[in-house]
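> Sharing a structure with you now.
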Amino acid sequence: MLNAYFKSRTLAELEQSLTKNPAQVAASLDGILAEDPSNARALFLLARKYLLDNEPAKAEQQLELLLQQHPKHLAAQTELAKLRFAAGRTKDAIEMLGNVTSASPDAVENWLLLSEWHKQDKQTAASENALRQYQMIKAFNDKLQLAEKAYASTDFKATDAICRQLLKLVPNEVRTLRLLAKVARQFQYFEFSTATLARCVETRPADVALGLEYAWSLLGSRMYSQALAQCRRLVEVAPEHIETYGVMAEVLYKLGQYDEAIEIYRSLADIPEKRALSLVHLGKVLKTVGQIDAATDCYRQAIAADNALGQAYWELANLRTVRFSADEVQAMQGLVENADLRALDRVLVQFSLGKALEDSEDYSASFGHYDAANRAYANMRPANYTRLNERFEAVFTSEYFAARDGQGEQSNAPVFVVGMPRSGSTLVEQILSSHSLVDATSELDEIVSIARSLTEPNTSADNQYPQSMATLGADRVHDLAQRYLEHAQLYRGQAPYFIDKAPQNFHHIGLIKTLFPNAKIIDVRRNPLGCGWGLYRQFFGDSFLFSYDLETIGHFYSDYLELMQHWHTVLPGQILTVHYEDLVTDLQGTVGALLDYCGLSFEDACLDFHLNDRAVATPSSEQVRQPLYAAALDHWKHYDEFLAPLRKTLARRGWAELD
């Protein structure tokens, strides 16, 4: 892995030095080629050296050698064509450059050169044809540049319109399709975006940058197995491309293949420019598997490598058992005052200072930093929160479920844990997964992925989820249920039941019950002020954009309660509500009721959940490895005086009884 990367970096450095010290570069290239005679980059660089030295014969010989081993090397073909034209071998030169333009028609300057060569060869018609191609492709490229500028200025509708015009001219033009895929992601049409990039990769399988973009899209679409396969393919194509390994490690982490992810991050940390961020990622994996001391050490090493890396401070703050030293607090305060600090780093350092001052019981100053961090990130990434309840309530009625009685996959294997983030859902997952008949999985995200697949871009409302559920046939329901079970199989063991804990699946209970009418659904709730404060003090990136504003949290929580009331009405007796406070004050009784609902016998291991050594990849990973303490229930009250926007919103929405 690193050998290929360092060799590539050496070649890049030699390329930069070529004009300054060609003799030394040539000597270094001879050494590289002695070890790796087929290295295309070294062969081409040596040919360029001969061109700079005005030795065309040697350059031509070198390029011919390169093309014997790499016949599709377009840059070598272009340079060889130029040499042959200069030597008077006009027809050979024209034929070779014609092949280049056919293989890469968007390289517009080659068409102009080809036109000129035809003209000098007195082939007027061919010259004019090449010139027309140049003009047509230049006009196309100019139009594509307008689309790229529109995208850069966030005018996504204009970008989409221009791209669709261009695709009418050239239906499978890769650059246009790539830009259209980016636009689709902005509108959250992830499946369309990924499918579009798949078309591009089929056309240009050797384009590593394109392949990596496709891998990122697969990762973003939660198609982890496909993303891993793509990364492994790219490693075969270009083992020197170090960015591929970072994406692959993230995919492995998502798939729960932690050992290989750790190995990759350790290797990446040996690259100076990758060290700090790789150590942060390594620490996250180590934290997930319960190696807290090792994770702590990684984060502090990352800070030593880059003391302005906000993510390192935040990951350290997110370790419940770690306290910042006075020197670390002082360093973070200095960073906040640094006008040159990057915006996201400032947000993360502010969150970290909030946690540091919370630990030292300076709650007023702590809230000041939390509040500044939330406001800054809300400005960077506005939530634009939209209430969805009416859409779900209009589709998923009592009549809807009655009409589908007996349909769907009859498996009772999946147990869905839903609710608000920071409500105690990871604790319930830990308790249930401690039972001998239950596997933990992960926050699978597959239900959300299926929901997205039920929306057709640029079509009527009837084809948008959830309205599209009304016309979903039994065969499609079966296929989607099987898709879900096959995806879950990647993460579960051999136990008869498994947990899918994804809090915001409360939106999709209608979909879940359509696919799996026998599925158990557990709704975990927490006092709205305790839950709301837990959200506001946590950085989630873009996962929960509603969480960076107290008033918006109040609206989201209210919508959650109202939608859950609807689900209880149309699915009576099919959902169990578990209150976090009951787990803390009456663990045995609440666990007993939880197991009864799931049809499981009581096992003492469920009370000793903190001894379960499974991997946990959420902010609660440390908490669920410790016994419950009642003191945590009222911790939010230290910040009660600052929660007026949340409290007032909840009261306006009809949830006045909070304490």
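The values are calculated or read from the model by the stated rules, or taken from the named source; none is laboratory data. Bear in mind that the values here come from a model prediction, so they are computed numbers and not experimental data. Positions of Cβ are generated from backbone atoms using ideal geometry, with glycine treated the same way; all protein chains shown enter the neighbour counts. Accessible surface is based on the protein model in full, side chains and every heavy atom, while ligands, DNA and RNA are left aside. Shrake-Rupley method; radii C 1.70, N 1.55, O 1.52, S 1.80 Å.
> How about segment 583-604: which of its residues are in contact with a His (Cβ under 8 Å, 6 or more places away or on another chain) and open to solvent by 40 Å² or more (accessible area, probe 1.4 Å)?
Answer for segment 583-604, where residues must be in contact with a His (Cβ under 8 Å, 6 or more places away or on another chain) and open to solvent by 40 Å² or more (accessible area, probe 1.4 Å): just 603.
> Write out, first by first residue and then by second, each pair whose Cβ atoms fall under 8 Å of each other, whose residues are 6+ apart or on separate chains, and whose first residue, in segment 38-50, is in contact (Cβ under 8 Å) with a residue 24 or more places away in the chain while the second is polar (S, T, N, Q) and assigned to a helix (DSSP H, G or I).
Pairs that qualify, where the first residue is in contact (Cβ under 8 Å) with a residue 24 or more places away in the chain and the partner is polar (S, T, N, Q) and assigned to a helix (DSSP H, G or I), are 38/69; 40/69; 41/8; 43/62; 43/69; 47/62.
> Go through 482, 504, 430 for me and flag whichever is within 17 Å of residue 600 (Cβ to Cβ), part of a helix (DSSP H, G or I), among the polar types (S, T, N, Q) and touching a residue at least 24 places away in the same chain (Cβ under 8 Å). If you could, list the steps in order and put the result at the bottom.
Values: 482 fails: within 17 Å of residue 600 (Cβ to Cβ); 504 fails: within 17 Å of residue 600 (Cβ to Cβ).
None of the others qualify; the one that does is 430.
> Could you list, ordered by first residue, the pairs with Cβ atoms under 7 Å in which the first is in segment 638-655 and over 16 Å from residue 365 (Cβ atoms) and the second is open to solvent by less than 60 Å² (accessible area, probe 1.4 Å) and among the hydroxyl-bearing types (Ser, Thr, Tyr), at least 6 apart or interchain?
650/557; 650/558; 653/558; 655/558
> Among what's in segment 633-659 and is of a type in the set (Gly, Ala, Ser) and surrounded by fewer than 13 Cβ atoms within 10 Å (Cβ to Cβ), pick the residue that is modelled with the lowest pLDDT.
Within segment 633-659, the subset of a type in the set (Gly, Ala, Ser) is 644, 651, 654, 656.
Checking the rest, the ones that are also surrounded by fewer than 13 Cβ atoms within 10 Å (Cβ to Cβ) come to 644, 654, 656.
Details: 644: 96, 654: 87, 656: 64.
That would be 656.
> While we're on this one: Return the residues of segment 83-102 that are closer than 19 Å to residue 59 by Cα, in contact (Cβ under 8 Å) with a residue 24 or more places away in the chain and exposed (fewer than 14 other Cβ atoms within 10 Å of the Cβ); say none if nothing qualifies.
Across segment 83-102, the qualifying residues are 86, 87.
> Within segment 514-554, how many residues are in a helix (DSSP H, G or I), within 27 Å of the chain's Cα centre (by Cα) and under 18 Å from residue 648 (Cα atoms)?
Residues of segment 514-554 that are in a helix (DSSP H, G or I), as a first pass: 514-515, 528-536, 545-548, 550-554.
Retained after the next criterion (residues that are within 27 Å of the chain's Cα centre (by Cα)): 515, 531-536, 545-548, 550, 552-553.
Still in the running and under 18 Å from residue 648 (Cα atoms): 531-536, 546-548, 550, 552-553.
Adding up the residues that qualify gives 12.
> Quick check on segment 25-36. Is at least one of its residues in contact (Cβ under 8 Å) with a residue 12 or more places away in the chain, buried (at least 19 other Cβ atoms within 10 Å of the Cβ) and under 38 Å from the mean Cα position of the chain (by Cα)?
Yes, some residue in segment 25-36 is in contact (Cβ under 8 Å) with a residue 12 or more places away in the chain, buried (at least 19 other Cβ atoms within 10 Å of the Cβ) and under 38 Å from the mean Cα position of the chain (by Cα).
> Can residue 47 be described as within 21 Å of residue 69 (Cβ to Cβ), of a type in the set (Gly, Ala, Ser), surrounded by 13 or more Cβ atoms within 10 Å (Cβ to Cβ) and more than 34 Å from the chain's Cα centre (by Cα)? Full working, then the answer.
On the way: within 21 Å of residue 69 (Cβ to Cβ): yes; of a type in the set (Gly, Ala, Ser): yes; surrounded by 13 or more Cβ atoms within 10 Å (Cβ to Cβ): yes; more than 34 Å from the chain's Cα centre (by Cα): yes.
Yes.
> Which count do you get for residues in segment 275-298 that are within 20 Å of residue 227 (Cβ to Cβ) and either of a type in the set (D, E, K, R) or at pLDDT below 95 (or both)?
Qualifying residue count, segment 275-298: 2.
> Now for a separate question. Keeping to segment 36-94, report how many residues are outside any helix (DSSP H, G or I) and closer than 30 Å to residue 126 by Cα.
Going residue by residue through segment 36-94, those that are outside any helix (DSSP H, G or I) are 36-39, 53-55, 70-73, 87-89.
Those still in the list that are closer than 30 Å to residue 126 by Cα too: 70-73, 87-89.
Here the count works out to 7.
> Among 72, 138, which is the only one that is farther than 30 Å from residue 183 by Cα, open to solvent by 40 Å² or more (accessible area, probe 1.4 Å), touching a residue at least 12 places away in the same chain (Cβ under 8 Å) and not acidic (Asp, Glu)?
Values: 138 fails: farther than 30 Å from residue 183 by Cα.
Every option except 72 fails the conditions.
> Working carefully through the options 331, 308, find the one that is under 25 Å from the mean Cα position of the chain (by Cα) and of a type in the set (A, V, I, L, M).
Working: 331 fails: under 25 Å from the mean Cα position of the chain (by Cα).
Matching residue, one of 331, 308: 308.
> Also: Do you know which of the residues in segment 146-183 that are among the polar types (S, T, N, Q) and closer than 16 Å to residue 198 by Cβ is surrounded by the most Cβ atoms within 10 Å (Cβ to Cβ)? Lay out the reasoning, then the answer.
Filtering segment 146-183 for residues among the polar types (S, T, N, Q) gives 153-154, 159, 165, 172, 176.
Cutting the leftovers down to closer than 16 Å to residue 198 by Cβ gives us 172, 176.
Working: 172: 11, 176: 25.
Among those that are among the polar types (S, T, N, Q) and closer than 16 Å to residue 198 by Cβ, it is 176.
> Would you be able to say whether some residue in segment 618-630 is charged (D, E, K, R), at pLDDT below 80 and touching a helix residue (DSSP H, G or I) at 6+ places or on another chain (Cβ under 6 Å)?
Let us first name the residues in segment 618-630 that are charged (D, E, K, R), namely 622, 625.
Narrowing the set further to residues that are at pLDDT below 80 leaves 622, 625.
Next, only the ones that are touching a helix residue (DSSP H, G or I) at 6+ places or on another chain (Cβ under 6 Å) stay: 625.
Yes, the conditions are met somewhere in segment 618-630.
> Can I ask one more? Give the residue, chosen from 209, 276, 227, that is part of a helix (DSSP H, G or I), surrounded by 18 or more Cβ atoms within 10 Å (Cβ to Cβ) and within 17 Å of the chain's Cα centre (by Cα).
Details: 209 fails: surrounded by 18 or more Cβ atoms within 10 Å (Cβ to Cβ); 276 fails: within 17 Å of the chain's Cα centre (by Cα).
That would be 227, the only listed residue that is part of a helix (DSSP H, G or I), surrounded by 18 or more Cβ atoms within 10 Å (Cβ to Cβ) and within 17 Å of the chain's Cα centre (by Cα).
> Given the criteria at pLDDT below 95, out of contact with any His (no Cβ under 9 Å at 6 or more places or on another chain) and assigned to a helix (DSSP H, G or I), does residue 185 qualify?
On the way: at pLDDT below 95: yes; out of contact with any His (no Cβ under 9 Å at 6 or more places or on another chain): yes; assigned to a helix (DSSP H, G or I): yes.
Yes, satisfied.
> Next up: Please verify whether segment 485-500 includes one or more residues that are assigned to a helix (DSSP H, G or I) and modelled with pLDDT of 95 or more. It would help to see each step written out before you state the result.
Pass one, segment 485-500, residues assigned to a helix (DSSP H, G or I): 485-489.
Pick out the ones that are also modelled with pLDDT of 95 or more and you get 485.
Yes; the residues of segment 485-500 include at least one that is assigned to a helix (DSSP H, G or I) and modelled with pLDDT of 95 or more.
> Sort out which residues of segment 482-502 are open to solvent by less than 20 Å² (accessible area, probe 1.4 Å) and either closer than 18 Å to residue 598 by Cα or over 24 Å from the mean Cα position of the chain (by Cα) (or both), and write them in order of number.
Passing the criteria: 495, 498, 499, 500, 501, 502.
> Identify all residues within segment 114-132 that are out of contact with any Leu (no Cβ under 6 Å at 6 or more places or on another chain), open to solvent by less than 50 Å² (accessible area, probe 1.4 Å) and not acidic (Asp, Glu); write none if there are none. Step through it out loud before you land on a result.
The first filter runs over segment 114-132 and keeps only residues out of contact with any Leu (no Cβ under 6 Å at 6 or more places or on another chain), leaving 116-129, 131-132.
Pick out the ones that are also open to solvent by less than 50 Å² (accessible area, probe 1.4 Å) and you get 117-118, 121, 126-127.
Of everything in segment 114-132, those that are out of contact with any Leu (no Cβ under 6 Å at 6 or more places or on another chain), open to solvent by less than 50 Å² (accessible area, probe 1.4 Å) and not acidic (Asp, Glu) turn out to be 117, 118, 126, 127.
> Kindly indicate which of 448, 477 is β-branched (Val, Ile, Thr) and open to solvent by less than 10 Å² (accessible area, probe 1.4 Å). Break it down into steps so the answer makes sense when it comes.
On the way: 448 fails: open to solvent by less than 10 Å² (accessible area, probe 1.4 Å).
Among 448, 477, only 477 is β-branched (Val, Ile, Thr) and open to solvent by less than 10 Å² (accessible area, probe 1.4 Å).
> When you scan segment 552-575, how many residues do you find that are over 23 Å from residue 529 (Cα atoms) and of a type in the set (A, V, I, L, M)?
The qualifying residues number 3.
> Within segment 82-124, can you find the residues that are under 24 Å from residue 144 (Cβ atoms) and out of contact with any helix residue (DSSP H, G or I) (no Cβ under 8 Å at 6 or more places or on another chain)?
Residues satisfying the conditions are 102, 109.
> Further question: Somewhere in segment 233-240, is a residue acidic (Asp, Glu), out of contact with any strand residue (DSSP E or B) (no Cβ under 6 Å at 6 or more places or on another chain) and surrounded by fewer than 19 Cβ atoms within 10 Å (Cβ to Cβ)?
So the first thing to find is which residues in segment 233-240 are acidic (Asp, Glu), and the list is 236, 240.
Then keep just the ones that are out of contact with any strand residue (DSSP E or B) (no Cβ under 6 Å at 6 or more places or on another chain); that gives 236, 240.
Retained after the next criterion (residues that are surrounded by fewer than 19 Cβ atoms within 10 Å (Cβ to Cβ)): 236.
There is at least one residue in segment 233-240 that is acidic (Asp, Glu), out of contact with any strand residue (DSSP E or B) (no Cβ under 6 Å at 6 or more places or on another chain) and surrounded by fewer than 19 Cβ atoms within 10 Å (Cβ to Cβ).
> Please enumerate the residues belonging to segment 559-574 that are among the hydrophobic types (A, V, I, L, M, F, W, C) and in contact with an Asp or Glu (Cβ under 7 Å, 6 or more places away or on another chain).
Our first condition is that a residue be among the hydrophobic types (A, V, I, L, M, F, W, C); within segment 559-574, this holds for 561, 563-564, 567, 570-571.
Result: 564, single match.
> For segment 295-403, which fully contained helices (runs of 4 or more DSSP H) count at least 1 residues that are open to solvent by less than 10 Å² (accessible area, probe 1.4 Å) and under 30 Å from residue 559 (Cβ atoms)? Walk me through it before giving the result.
Values: elements: 310-317, 326-336, 343-359, 363-380, 389-395, 398-403.
So the answer is 310-317, 343-359, 363-380, 389-395.
Here's the yes/no breakdown for (1) acidic (Asp, Glu); (2) within 27 Å of residue 268 (Cα to Cα); (3) in contact with a Pro (Cβ under 7 Å, 6 or more places away or on another chain):
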| position | (1), (2), (3) |
| --- | --- |
| 302 | no, yes, no |
| 311 | no, yes, no |
| 314 | no, yes, no |
| 323 | no, no, no |
| 327 | yes, no, no |
| 330 | no, no, no |
| 333 | no, no, no |
| 339 | no, no, no |
| 342 | no, yes, no |
